Amino acid sequence: MIKKSLLIWLSIIPLAVLNGGIREVVLVALISDYALPISGITLCLMVFLISLIFIPKSGKGTGKTYVKIGLVWLILIVLFETALGWQCGEVEKTSSGNAGAARGGSTRPDERFLY
C-alpha cells in the first residue's frame, strides 16, 4: 500500500507545478496580494481530494499504515522542495541559525503577513 501511495504522491507533482503556473500567470495579475494564499489553499484542496479518492483504492490499511504514508509523504515533500530550491538557487546549501541576517536581510517577519 505504501508503494502505491508513492505513485499517488508522484501524480501530485504535476498538479502542484500547474497550480504554481496558474498562480503566476493568472492569479498574480488579478489579485496580486492574495494570489499566494489562494494558490496554497487550492493546492491543499487538490491534494486532499486526490488522497481521498485514491488512497482507499490502493488497499485496506490500518491506522499505522496511514501514519506511515503521511510520514513518507512529508519526508518526500521536504526533500523535493529543498532540492528544487537548491536547483533554482533559492536555498542556501549551508544553514545558519539566522538565514535572513546571513543574507543581509532583516530577521523580522514581513509586516504584510502580520495583519
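Each reported figure results from applying straightforward, stated rules to the coordinates on display, with no laboratory input. This is a predicted model, so every value here is computed, not measured. A quick note on method: Cβ atoms are made from the backbone with ideal geometry, for glycine too, and the neighbour counts reach across all protein chains shown.
Ignoring solvent entirely, what values of log10 I(q)/I(0) come out of the Debye formula for region 1-43 at 0.23, 0.31, 0.32 Å⁻¹ when each Cα is a single scatterer?
Log10 I(q)/I(0), no solvent term: -0.70, -0.98, -1.02.
What base-10 log of the normalised intensity I(q)/I(0) is obtained for region 1-76 from the Debye formula, alpha carbons as equal point scatterers, at q = 0.14 Å⁻¹?
With one equal scatterer per Cα and no solvent, log10 I(q)/I(0) is -0.52.
Kindly rank 32-39, 5-12 from highest to lowest mean number of other beta carbons found within 10 Å of each residue.
In decreasing order of mean packing, 32-39, 5-12 become 5-12, 32-39.
Charges at C-beta only: +1 for Lys and Arg, -1 for Asp and Glu. How large is the resulting dipole of region 1-76 about its Cα centre, in Debye rounded to 20?
Once rounded to the nearest 20, the dipole reads 600 debye.
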